[in-house]
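Beneath this line is the structure, given in structure tokens, with notes to follow.
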Amino acid sequence: MNSVKRIMGLDFGSKTVGVAISDALGLTAQSLETVRRDSENKLRRTLARLEEIIREYNVELIVLGLPKNMDDSIGERAEKTLEFKVMLERRTGLEVVTWDERLTTVEARQLMSDAGVKGKDMDRYVDQIAAAIILKGYMDFTGGNKDERKN
């Protein structure tokens, strides 16, 4: 089994979860996939897929984007994200830290637009690109130090 420990970044949405993973050195964040589900109640399959990724990449920490309102308050989407955080911690046994994700989807769309990605292709990848932006923001803030658990 791979002994390299990695960090996983997540962009949790109502129908998808964008997934990103750190590289082996903990320097970069790479988009991995978008886990899709039919409804808010179908989280079992989503959690099972995330557990597979955690095992495959030897994840030691999860960074979960927290969609705060622009005035820094917690709205309905952020509350659902915090509920998902608790589920993740229970199911995986890993620490899950939240990271402010305001405007990451806008940034992801802009990056893809600048790269010439259009329409459905943009919709297909936006969540995993946003997850990579969330993870990279956390890694930049902590200087790649996985022990610097800031929120």
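Bear in mind that the values in this text are calculations on the coordinates, not laboratory data. What you see is a predicted model; the values in this text were computed from it and never measured. Glycine gets a Cβ as well: all are built from the backbone with ideal geometry, and neighbour counts include every protein chain shown.
In a DSSP loop and with at most 10 other Cβ atoms within 10 Å, the trypsin sites (Lys or Arg not before Pro) in segment 63-127 are K118.
Let me know the shape class of segment 71-149, please: from the alpha-carbon gyration tensor, a ≥ b ≥ c as square roots of the eigenvalues, rounded when a/c is under 1.5, otherwise prolate if a/b is greater than b/c, or oblate. In terms of gyration-tensor shape, prolate.
Distant-in-sequence amide contacts of L32, defined by a placed amide H-H separation under 5 Å and a gap of 5 or more residues or a different chain, comprise V19, A20, I21. In Å, the Kirkwood hydrodynamic radius of segment 6-142 over pairs of distinct alpha carbons? After inverting the pairwise mean of 1/r, the radius is 14.8 Å. Legend: distances between Cα atoms for K5/K120; K80/K118; K5/K68; K42/K85; K68/K120; K5/K85; pairs beyond 24 Å are K5/K120; K80/K118; K5/K68; K68/K120. Antiparallel beta bridges, as assigned by DSSP with both residues in the chain, represent about 50 percent of the total such bridges.
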